[in-house]
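Taking it in order: structure first as C-alpha cells, then the write-up.
The values are calculated or read from the model by the stated rules, or taken from the named source; none is laboratory data. Here the structure is a predicted model, which is why all the values come from computation and not from measurement. All Cβ positions, even for glycine, are placed from backbone atoms using ideal geometry, and neighbour counts span all protein chains on display. The accessibility values were calculated without ligands, DNA or RNA, using every heavy atom of the protein model including side chains. Shrake-Rupley method; radii C 1.70, N 1.55, O 1.52, S 1.80 Å.
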Amino acid sequence: MEQSTGKHKIVGYWFNEQKCQKFGVQDLTAACKRRGIQLVKIDMNSHLEDQGPFDLILHKVTALYAQALNNNQKATNALSMFENYLKKHPETFVMDPLPGVHKLLLRNQTYELLRQHFKHDVCKPVTGGGGVEAHEMAVVFNEVGLSEFRLPCVAQSFINHGAVLYKLFVLGPVWFVIVRPSLKNFYAGVDGCFGINTLEEQETVFFNSSSVSKADSQSPLNQLDPDDMEDDLPKADPAIFNRIVTSLREALNMDLLGIDVIIDSNTGKYGIIDVNAFPSYDSVPNLMEHLVDLLVMRMDHPTPEGIEQVAESKKIPTFTSSDHPQEDSGVDTG
C-alpha cells in the first residue's frame, strides 16, 4: 500500500476516551489542519487496512496493553491487529515504536532500564499507565506494613525530597520541566502529625500519586513539617535534566515521554521515580504547536530504527518551568 500523496499528510491516532477528553483532540485536529495534516481516528475494532494508508500513527496504546495483561480478550485482539498492521507497513512512522513502549508497561522493567543507564538507587503496582490503580501507592515503615499489600508490586527506597517533584515532558528534541508538589519528608520512627512513635508503631501512609502531585493539590501529605520548611532545597540543574532526557530517548527510541524526577534533600542526588509513554503534558505551553512540529519533522525526516534519535537535537529546544526555582533556560538536548 502506498503512502498518502499530494498536499495533505494523514496522521492516524488512537487514544482511549479518557485520553481523548483530557488531551484535547479537537485542539490537535485544528493545529494539524493549519499545517495541512488530516488527523484520522483509528477504530481498533475494524481492519486497519481499510482505514489507511497513514503517513504517521500517533498512539497511546498502553491502556490496551494494561487490559491485555489482565486477560481482556478484546484488548488482546485489538493489539494483535495493530501490531500486525505495523509489521506490514514499515513505511508508516509510529509515534512511538512499540519496543520502547513495551519496556515501560511494567515498572520492574522500567526500573531495570534505569539501573542499567543511570546506576542509581513507597510501594508501587507493577503495571504502569493502566488506570487509577497504577497511581495507588504507599510509604511503608515496617514489616507489618508490608503485609498490607497485594502482590505483585514494586518497592523503592523512599527519598526525602522536600515535597518537590520535577516532571520532565519530552516532545522529541524539545522538553519542558514543570514543578509539582510531592510527598513531604518522612522519617523512620517519627510521625509528623502525631509526634514520635517507635518504628514498629508507625502506620503505612497510603496515597494516590496523581492526586498528591496535582498542580493545585492541598493534600496534608505534601505540606512540609515546620522543621523541614527551614531547610534550603538543592537547586535543580537543567544540565542534569538534559542528560536524563537524552539518555532515556536514546535508550527507548521514543519521542513522547514523561519523566518524574526528585532531588534528595540531603545529598542533592537525582532520582528518577517514574517514566511514562505519551504523558498528559499538563501545563506545557503551546503544546499542540510543539506536537505538530514534531509530527511534521518525523513525516518529513523519519529516523530509521536503530539510529539514535537524539541526532537531531543539535537544534536548540525549549526548557520551560512553571514556578521553577531557577529562571527558564534554553538547553541543548544533544
Starting from the Cα of F118, step 7 Å along the direction of its Cβ; do the same at Q223; then give the gap between the two resulting points in nm.
3.0
Evaluate the distance, in nm, between pseudo-label points positioned 7 Å from the Cα of Q26 and of M81 along their respective Cα→Cβ axes.
2.8
Rg/Rh (Cα only; Kirkwood hydrodynamic radius) as it applies to the range 218-284:
1.04
Hey, what did the range 221-289 get for relative contact order, percent, Cα under 8 Å, at least 6 apart?
24
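When the solvent-accessible surface of protein heavy atoms is calculated with a 1.4 angstrom probe, in what order do Y166, Y270 fall, highest first?
Final ranking, largest accessible area leading: Y270, Y166.
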Output wanted: per-residue J couplings in Hz (rounded whole) for the range 79-90, from phi through Karplus 6.51 cos²θ - 1.76 cosθ + 1.60, θ = phi - 60°, x for Gly and Pro.
5, 4, 5, 5, 5, 5, 4, 5, 5, 6, 10, x
Pairs to check: K22/K87; K167/K214; K184/K269; K33/K88; K235/K269. Give those whose C-alpha atoms are more than 19 Å from each other in this structure.
K22/K87; K33/K88
Counting only residues 5 or more places away or on other chains, whose amide H sits under 5 Å from the amide H of G172 once H atoms are built in the peptide plane?
L256, L257
